[in-house]
Ligand SMILES: *Cc1c(COP(=O)(O)O)cnc(C)c1O
């Protein structure tokens with residue numbers, strides 16, 4: 001049965017962000033999950049070390065979440081949000097506004113983080129159009145940023161490996177540097193932050209007249225390598241956006257819903273975005289719901305008689321899906337009931353100590369962490385920070401080894417991602433970190449033994 005399914009998967013599927021040759025060599029089919037573990041079709045169990053790609057919150061098959069979907073299913077699965085609404089979408093909107101930064105008062109739904117970003121970009125663009133300043137059409141994107149894989153989101157993304165090939169399809173955006181302390185010349189967070197803010201300000205002085213918005217991930221660049229921004233950077237960017245009359249789009253798709261030890265990561269700096277994209281953890285990792293939150297000022301710029309043509313002409317078939325919104329509501333109710341944000345903040349301190357122990361390993365260069373978002377960067381030389389030989393794909397090999405040892409995650413180059421579900425206990429965190437340690441030791445031993 002398992003063998004047959006594996007053959008079918010190789011024959012019919014094309015997986016996202018996957019070189020299918022890799023899949024064919026190391027196939028895996030998940031059959032079930034319980035708590036923070038998943039089981040494959042051979043009955044092998046794995047810790048979910050990456051929250052099913054940064055989504056999961058309460059573990060798998062959380063009773064209350066399962067029941068919220070079943071209960072909604074007895075009423076209706078889906079209608080539409082075009083020109084009408086439904087009960088869970090309305091209640092969820094109220095809840096989102098209640099828990100998000102104060103300035104945000106309106107919710108526009110979609111189905112994925114990339115779409116939430118597309119919508120933010122269109123809102124920002126059309127906002128200036130609608131208020132009579134059509135010259136503001138350009139965007140500023142951060143180096144190494146990631147906002148999803150649709151063309152608009154890619155246009156404000158900046159990871160060469162993923163984005164360069166699509167260059168001719170993108171709209172142009174200005175790029176501003178992000179403070180990557182570990183790889184900076186000074187290695188000093190404050191110096192690194194101030195240099196980046198200075199360059200951003202120069203760009204704004206020169207170009208702000210034509211700039212609609214700046215887009216930035218909140219506190220941590222996820223796909224770019226789990227790069228944690230130094231204190232004061234996000235707040236500094238906010239100040240500059242305000243000073244130069246540029247809207248600030250904050251991408252909380254990965255960082256939102258408690259992942260960093262705050263409900264939204266921008267709370268670490270008291271930042272109020274003009275537009276905020278959320279997704280991933282919003283449904284606890286159950287169903288595809290995302291949203292773009294914005295201010296009353298932006299909303300009002302689209303509100304007029306129909307023939308003024310100020311409507312936001314954007315929507316998706318499944319937007320505001322009842323099953324998804326119902327489970328998201330229950331997810332947020334559980335956040336309160338189980339004090340999950342505080343829990344993550346507290347357990348993150350323990351996790352920090354566990355990760356410190358990896359620092360002494362020979363090829364561990366940098367360990368970056370904010371809450372339960374962690375990246376462990378492997379390097380060839382700890383002194384010079386010289387990278388490992390690319391063709392050896394050590395990050396990838398390490399995650400294959402972890403799979404063997406009973407934990408799933410995905411690397412970002414030679415940075416190992418560790419992003420366990422919020423409910424992981426200290427004991428479970430300890431076991432998962434032990435697996436990472438063993439895998440890192442084994443694969444890096446192999447590097448040295450072949451004389452690299
Ligand atoms: C995952 C991610 C996205 C894209 O979300 P999808 O649901 O995969 O489209 C956007 N921004 C950030 C920061 C992400 O981590």
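So here's what we get for this one:
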item	result
Unmet criterion (only one of (1) at pLDDT below 95; (2) within 16 Å of the ligand (Cβ to nearest atom)) for residue 185	(2)
Residues within the stretch 18-44 that are more than 26 Å from residue 431 (Cα to Cα) and in contact (Cβ under 8 Å) with a residue 40 or more places away in the chain, tallied	1
Test: residue in the stretch 236-247 that is within 15 Å of the ligand (Cβ to nearest atom), touching a strand residue (DSSP E or B) at 6+ places or on another chain (Cβ under 8 Å) and not in a strand (DSSP E or B)	no
Filtered residue count, the stretch 271-283, keeping only those that are in a strand (DSSP E or B) and in contact with a helix residue (DSSP H, G or I) (Cβ under 7 Å, 6 or more places away or on another chain)	3
Elements of type helices (runs of 4 or more DSSP H) contained in the stretch 1-57, each with 2 or more residues being surrounded by fewer than 13 Cβ atoms within 10 Å (Cβ to Cβ)	2-12, 20-25
Residues of the stretch 73-90 that turn out to be out of contact with any helix residue (DSSP H, G or I) (no Cβ under 6 Å at 6 or more places or on another chain) and not in a loop (DSSP other than H, G, I, E, B), as a count	3
Top-ranked residue of the stretch 272-283 - restricted to ones that are within 14 Å of residue 214 (Cα to Cα) and surrounded by 24 or more Cβ atoms within 10 Å (Cβ to Cβ), ranked as farthest from the ligand (Cβ to nearest atom)	274
Which listed residue is more than 16 Å from the ligand (Cβ to nearest atom) and over 23 Å from residue 131 (Cα atoms), from 296, 330	330
Any chance residue 161 is on the phi < 0 side of the Ramachandran plot and either touching a strand residue (DSSP E or B) at 6+ places or on another chain (Cβ under 7 Å) or surrounded by 23 or more Cβ atoms within 10 Å (Cβ to Cβ) (or both)	no
Which listed residue is in a loop (DSSP other than H, G, I, E, B), in contact with a strand residue (DSSP E or B) (Cβ under 8 Å, 6 or more places away or on another chain) and under 21 Å from residue 275 (Cβ atoms), from 223, 213, 116, 120	223
Members of the stretch 137-155 found to be in contact (Cβ under 8 Å) with a residue 60 or more places away in the chain, within 10 Å of the ligand (Cβ to nearest atom) and surrounded by 24 or more Cβ atoms within 10 Å (Cβ to Cβ), listed by number	145, 146, 147
Selected residue (criterion: farthest from the ligand (Cβ to nearest atom)) from residues of the stretch 61-87 that are touching a residue at least 40 places away in the same chain (Cβ under 8 Å) and within 24 Å of the chain's Cα centre (by Cα)	62
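The values are calculated or read from the model by the stated rules, or taken from the named source; none is laboratory data. Just so we're clear, the structure is a prediction, and the values are computed from it rather than from any experiment. Positions of Cβ are generated from backbone atoms using ideal geometry, with glycine treated the same way; all protein chains shown enter the neighbour counts.
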